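All remarks here apply to the structure that follows.
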Amino acid sequence: MGGVRQQLPAGAVVLIAVALMATSAEGYISGKTWTAINRANRHGPFVGLVVPNTFEMVPVLNSPSFVASKTIPNLDVQGRRFRFGAIGGQNVVMVMTGLSMLNAGLATQMLLSLFRVKGIVHWGIAGNANEDLQIGDVTIPEYWAHLSLWNWQRYGDGKENELPLEAAGDYTREYGFLNFSDYTVGQGNPALSANELNSIWYQPEEIFPASGVPEERQHAFWVRASKRYYALAAKLEGMELPACVNGTTTCLPRAPRVVRVSRGCSGNVFLDNARYRQFLRTKFECTPIEMESAAVALVAYQQGVPFLTIRSLSDLAGGGSALGNEASTFISIAAQNAVDVMLKFVPLLKEQ
């Protein structure tokens, strides 16, 4: 307006400030939501069900084994939907995490912070690093590790050289390394075998257990599943599982099995590389390889809550057909097998 300055009334300024403050505080859980959370918790304690994606969750919702709650079928909190119901008489609350370690950790922590959860069961599909098993087999690991937390060593340093901040306790050489030069094509020629990417050293997570002292860090690399849950899972090893993709003649060489295994490995990587798969199997004895379970395990461990993970193998990571990854062909049968095993396992916890 031609250089004319217009001033807002003082009351309007206050209203704008309040509006901005409200916008910045959207992460706060409202009183109305807390009332709904408290009402839901009257039906606890629950077994917490943690699932990565919709294709691993929808078969549960469609199963007659899952009976949705009539009082509070679901509750939406900060972008997560918590679904309530029962499986085999055991009350459950289920949350879908989404892809990745970050999403899995956030959703699991919310689940444990908001609801009366006595234990966690996590399921889904995974890549396979164990060539003794096949697609469709359902694995139940005793230990989980997160393998995408690294200290990337500078070129020219070797395994005898201390890592940056190692002396301060921030990093360690305890768990081993991957040297990129070991996988260079043409190693017979010294001029070609060196690799400036050098090495990555695998690191444990910094953790802050609820039973510990706040702000005093501890470290964890291998996180153990509940001894009791793992022992109960032995009852599932004779389950019969389908060998063919539903409604097709696409079948596996043999009927899939439920197998308890030693170790599973997670990272923020979709792995479809045979050499890295073989390295992880040799170095860490991984069987299922995926992107969420170690995050669920780390959160449950820090909160002192028992957990178990069930992962069905959808592909041999980096192996099989040269035309593509088998996951696209067998994802449906792998997801259904993981669901079927989970639905059999949860009722075993009713008396626990």
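The values are calculated or read from the model by the stated rules, or taken from the named source; none is laboratory data. Keep in mind that what you see is a predicted model, and the values were worked out from it rather than measured. Virtual Cβ from ideal backbone geometry, glycine too; neighbours counted across all protein chains shown. With ligands, DNA and RNA removed, areas are computed over all heavy atoms of the protein, side chains included. Shrake-Rupley method; radii C 1.70, N 1.55, O 1.52, S 1.80 Å.
How big is the dipole moment of region 200-346 about its Cα centre under a simple scheme where the beta carbon of each Lys and Arg is +1, that of each Asp and Glu is -1, and everything else is neutral? Debye, nearest 20, please.
520 debye
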Probe 1.4 Å, all protein chains present, accessible-area order of Met342, Met110, largest first: Met110, Met342
message: Rounded to the nearest 20 debye, what is the charge dipole size of the chain about its Cα centre when +1 sits on each Lys and Arg Cβ and -1 on each Asp and Glu Cβ?
response: 1440 debye
message: Can you tally the net charge around Ala255? Count Lys and Arg as +1, Asp and Glu as -1, for every other residue whose Cβ sits under 15 Å from the Cβ of Ala255.
response: -2
field: Size of region 193-329 as Cα extents on the principal axes (Å, biggest first)
entry: 57, 50, 22
- prompt: So what is the relative contact order for region 47-90, in percent, with contacts set as C-alpha pairs under 8 Å and at least six apart?
  reply: 34 percent
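Counting pairs of alpha carbon atoms under 8 Å apart in space and at least six apart in sequence, what relative contact order in percent does the chain give? Don't skip to the answer; put the middle values down first.
Working: 674 pairs, mean separation 87.3, N = 352.
Relative contact order comes out at 25 percent.
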- prompt: Between exposed chymotrypsin sites (Phe, Trp or Tyr not before Pro) in the chain, where DSSP calls loop and at most 12 other Cβ atoms lie within 10 Å, what's the longest gap?
  reply: 156-352
task: Mind ranking Asp76, Asp170 by accessible surface for me, highest first, 1.4 Å probe?
output: Asp76, Asp170
message: Springs between alpha-carbon pairs under 10 angstrom, Gaussian network model over the chain: which of Leu316, Leu149, Leu271 fluctuates most?
response: Leu149
statement: For the chain, Rg(Cα) over 2.2 N^0.38 Å is 1.18
task: Mind listing the long-range amide H neighbours of Ile310? Cut-off is under 5 Å, sequence gap 5 or more, other chains count too, H placed in the peptide plane at 1.01 Å from N.
output: His122, Trp123, Gly124
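What fraction, in whole percent, of alpha-carbon pairs in region 202-281 exceed 16 Å separation? Write down the numbers at each step before the final one.
Details: 2317 of 3160 pairs.
Summing the P(r) tail past 16 Å for region 202-281 gives 73 percent.
Please list Glu142, Glu290 in order of solvent-accessible area, largest first, computed with a 1.4 Å probe with all protein chains present.
So, going from the largest accessible area down, we get Glu142, Glu290.
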query: Can you give the Rg to Rh ratio for region 51-101, taking only C-alpha atoms and Rh from Kirkwood?
result: 0.97
query: In percent, what relative contact order does region 89-174 have, based on Cα pairs under 8 Å that are 6 or more apart in sequence?
result: 11 percent
- request: Would you give the gap between the C-alpha center of region 30-56 and the C-alpha center of region 67-110, rounded to a whole Å?
  value: 5 Å
- prompt: In whole Hz, what ³J(HN,Hα) sequence does region 207-223 give by Karplus (6.51, -1.76, 1.60; θ = phi - 60°), x for Gly and Pro?
  reply: 10, 9, x, 4, 7, x, 9, x, 6, 9, 6, 10, 10, 9, 10, 8, 10
